[in-house]
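Here is the structure we will look at, set down as structure tokens.
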Amino acid sequence: MLHTFVALVEDKPGVLTRVASLFRRLNINIVSLTVGHSERVGVSRMTIVCDASPTAGHRIAASLYKLENVLEVDDVGQLSHVARELALIKVAATPKTRSMVFELVEVFRARIVDLAPESMMIEITGVESKIEGLIQVLNENGDRILEISRTGRMVMRRGQHTSRVLEAMRVPGIELPEDKIVDDGAAPSDVLMAEETGL
Amino acid sequence: MGTAKKNPSQSTSHAGNTTASGRVGNATRLTGSEMIWATLEGEGVDVVFGYPGGAILPAYDALRKFPIRHVLVRHEQGAAHMADGYARASGRVGVCVATSGPGATNLVTGIATAMLDSVPIVCITGQVSSKVLGTDAFQEVDITGITLPVTKHNYVVTRAEDVARTIREAFLVAKSGRPGPVLVDITKDAQQATAEFDFAAAAPKPHRPHPMLKTESASILAAAELIRNAKKPVILAGHGVLQSRAGAELRTLAERMRIPVASTLLGLGGFPASHPLSLGMMGMHGEAWVNHAIQQSDLLIACGMRFDDRVTGTLATYAPDAKKIHIEVDPAEINKNVKVDVALIGDLKEALEALLPHLAPRDTKGESAWVKEIEASKGECAVRDIRNLPDSGHLYAAHVMHDLWKATEGKAIVVTDVGQHQMWEAQYYKHDEPRTLITSGGLGTMGFALPAAIGAKIACPDKEVWVVAGDGGFQMTAAELATAAQEELDLNIAIVNNGYLGMVRQWQEFFYEKNYQSTPLLSPDFVKLAEAHGIRGKAVKTRAEVLPAVAEAQKHKGPFVINFLVEREDSVYPMIPAGSALHEMIRRPNNPLVETAHDK
């Protein structure tokens, strides 16, 4: 089963190794891992997708928290969230075959970001299945794919949840009904939230 | 040899105070090297175990200015084990020092040993200059990379101004939550550079508790409910009882609710072995009544233990009728091996303090049926009754352990190695006090005993300390005899010598058709080896000689080696074969080699 974790980590040398090494030690394969800056200075945000047994989530989150450089962990799991991946796909296309690719790009709401005499580069954003759909259609059309670069999944929970809320929520217990937190988005807490996170 | 006066109290609140060297609490300019010692001094350290070398030489040069004793080891593995033994005996953080490259890699076994048994040590290693990091410079090794999976955390320091803050944080990390080893790798240029030193200002941020700790009242009430309703409860006491200093609370729980207590190897001493409710050690070499009690119980209360494979046997058949309460400080241990019904995730002492008010004393007119049932089952077991043994001229390791226990009145700190003697010690030496058994449980590191005992003796100079090692493991770190001699330690060393790598031979006997491949062991004459170090030694071949030899060692000031030449092919019983259920044990056979009380 695929698990998705969001980890906020200190932006320091070696932190990625520590996180990756943890999964290696648990003998769990990382399916995708994206890292970048978060809304906080000095804090990076990782989205880790891994293949592990359905009951492994608790132990992975608990083990991640044991790393000194890990500040917060969110096991996104079945919670309501938005997941996106970005891909760049370079296909072989001559002036004669370009129009077919343009059509596909239109249907998939992708974009052409580079056009050369014998190739085109497509930029597509979406859930994994959408990207895989485009790749499949390109293959079936006989458009030769020259290169694919995919970012891997990045996720963000829907609604009022922020990392700060997550931390507060963790203290009383881990089985809090998540929907409540998503739904109670009244205006005052909006303001509060923005202040708290320094946005 | 460092002979500076030592302040036994290790305190973390030295901020602002001026200590002997006058360097703590004043913002002064120091070299990175001086800061290492000043910070250690501020953290209350008065002894370190180490070995100098090129990349750590600036630090060694600065040592003379500080009231810190340096114990020169003979191999860096010994330094890590000494820091470990020091920490286990005292409850304080042990410190070891090594140079870069091979000095650092030699520490690794000792660090892993501390990691697996959750022992707080801080390892300081020298590193090549930051300008040549990553160039395969002489004696350069990526020690933080190497130790990443066997440390709680590690650091590279490349600037003098980071030395104090990093070492202080290392101490906090090592002892907070579930303790463990921390390594600080300091480049030579960071040691040589000068910067502002302010011990108080270098205080780390307060430790942030693991966010998944969970001891809310609902769980406490659920646990209390299970305990009140249990007919056949058993407490499983682990290393956490010692680490959390929860012995008194555990005893209250056991006595108030009349619950028998089984211990893990590392939990021995956490609950007095002489207590009527004490069952003894559980698991692979636990006595039959202990493992049967666990298998038949309807409630297991696991206190600071982690359901290691050596105590559960095969998990599929482990305590099938028992509900399980797991009180544990590390959330990653919950439901790892055994699925539990109630988890109290937090400090054991605090959890028990919260739990006890919800438990009214069990109304006991006499002992409960369950305790009586266990008591009765003891008689059915073919226990080798040491006291009633006839003296047939054979010397058994069990004799040695039993007599050692008697002679030391069970009060010595016994530091064991790994193998048969370790199990015999656990079976026959009754530990009533916490921190009196020091042994490598999780990693099972042969060669641990002698160096760890040196650390323990230095931590507790007024206590009688015994090394109990096999002839195999002893030779792995026998070089530390020279350290014991140089430090003039009053250390007693018992070598249980059967001429085999005994535990491996036992497995070969049981599971590999007695194919004793590579287990017979030729050893030097340990008495002569001791004498070569200027250490007194004695060989013991018969039961009658045991007590006089022990008495001589006790009386002698300085190290003393006793070479106990015991029965060669004796085995540790009972034994649960790997992969079997906890109750499916190999019992003591009617082996002519093994005497029982009935042999008279």
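Laid out as a table, the results:
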{"read-out": "Residues (away from chain B (no Cβ under 14 Å) and part of a strand (DSSP E or B)) located in the range A:63-102", "value": "A:81, A:82, A:83, A:84, A:85, A:86, A:87, A:88, A:89, A:90, A:91, A:92"}
{"read-out": "Residue within the range A:30-39 that is in contact with an Asp or Glu (Cβ under 8 Å, 6 or more places away or on another chain), free of Cβ contacts under 8 Å to residues at least 40 places away in the same chain, away from chain B (no Cβ under 14 Å) and not acidic (Asp, Glu) present", "value": "yes"}
{"read-out": "Failed criterion for residue A:7 (all others in (1) within 14 Å of another protein chain (Cβ to nearest Cβ); (2) within 30 Å of residue A:121 (Cβ to Cβ); (3) among the small types (Gly, Ala, Ser); (4) touching a residue at least 60 places away in the same chain (Cβ under 8 Å) hold)", "value": "(2)"}
{"read-out": "Residue among B:98, B:164, B:112, B:170 that alone is in contact (Cβ under 8 Å) with a residue 60 or more places away in the chain, of a type outside the set (Lys, Arg) and crowded, with 22+ Cβ neighbours inside 10 Å", "value": "B:164"}
{"read-out": "Inter-residue pairs, beta-carbon under 9 Å, first part of a loop (DSSP other than H, G, I, E, B) and in the range B:397-423, second among the acidic types (Asp, Glu) and surrounded by fewer than 24 Cβ atoms within 10 Å (Cβ to Cβ), 6+ apart", "value": "B:408/B:464; B:410/B:432; B:410/B:433; B:411/B:432; B:411/B:433; B:411/B:464; B:412/B:464"}
{"read-out": "Subset of the range B:147-168 that is over 19 Å from residue A:26 (Cβ atoms) and hydrophobic (A, V, I, L, M, F, W, C) - its residue that is farthest from the chain's Cα centre (by Cα)", "value": "B:160"}
{"read-out": "Cβ-Cβ under 6 Å pairs, at least 6 apart or on other chains, the range B:357-377 side exposed (fewer than 14 other Cβ atoms within 10 Å of the Cβ), far side among the basic types (Lys, Arg) and assigned to a helix (DSSP H, G or I)", "value": "B:361/B:256"}
{"read-out": "Subset of the range B:264-290 that is in a loop (DSSP other than H, G, I, E, B) and among the polar types (S, T, N, Q) - its residue that is nearest to residue B:419 (Cα to Cα)", "value": "B:264"}
{"read-out": "From B:267, B:286, residue being in the same structural domain as residue B:349 (by TED's automatic domain parsing) and modelled with pLDDT of 95 or more", "value": "B:267"}
{"read-out": "Filter result (surrounded by fewer than 22 Cβ atoms within 10 Å (Cβ to Cβ) and not in a helix (DSSP H, G or I)) within the range B:294-321", "value": "B:298, B:308, B:314, B:318, B:320, B:321"}
{"read-out": "Residue B:89 vs. criteria small (Gly, Ala, Ser) and modelled with pLDDT of 95 or more", "value": "yes"}
{"read-out": "Segments classed as helices (runs of 4 or more DSSP H), wholly inside the range B:119-220, with at least 3 members that are away from every other protein chain (no Cβ under 13 Å) and within 30 Å of residue B:439 (Cα to Cα)", "value": "B:163-175"}
{"read-out": "Condition broken by residue A:60, with the remaining ones in (1) of a type in the set (A, V, I, L, M); (2) touching a residue at least 24 places away in the same chain (Cβ under 8 Å); (3) surrounded by 14 or more Cβ atoms within 10 Å (Cβ to Cβ); (4) not in a helix (DSSP H, G or I) satisfied", "value": "(4)"}
{"read-out": "Whichever residue in the range B:330-360 is assigned to a loop (DSSP other than H, G, I, E, B) and away from chain A (no Cβ under 13 Å) and, among such residues, is farthest from residue B:178 (Cα to Cα)", "value": "B:360"}
{"read-out": "Filter result (more than 13 Å from the chain's Cα centre (by Cα) and surrounded by 14 or more Cβ atoms within 10 Å (Cβ to Cβ)) within the range A:146-162", "value": "A:146, A:148, A:159, A:160, A:161, A:162"}
{"read-out": "Residue in the range B:93-103 that is small (Gly, Ala, Ser), in a helix (DSSP H, G or I) and not assigned by TED's automatic domain parsing to the domain that holds residue B:415 present", "value": "yes"}
{"read-out": "Exclusive hit being out of contact with any Leu (no Cβ under 8 Å at 6 or more places or on another chain), in contact (Cβ under 8 Å) with a residue 60 or more places away in the chain and not small (Gly, Ala, Ser), set A:120, A:154", "value": "A:154"}
{"read-out": "Any hit, the range A:50-61, residues being within 13 Å of chain B (Cβ to nearest Cβ), basic (Lys, Arg) and under 30 Å from residue B:174 (Cβ atoms)", "value": "yes"}
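To keep it simple, each residue is scored yes or no on (1) surrounded by 15 or more Cβ atoms within 10 Å (Cβ to Cβ); (2) small (Gly, Ala, Ser).
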residue	(1), (2)
A:93	yes, yes
A:101	yes, no
A:108	yes, no
A:117	no, no
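The values are calculated or read from the model by the stated rules, or taken from the named source; none is laboratory data. What you see is a predicted model; the values in this text were computed from it and never measured. Because the Cβ atoms are built from the backbone with ideal geometry, glycine has one as well, and the counts that use them run over all protein chains shown.
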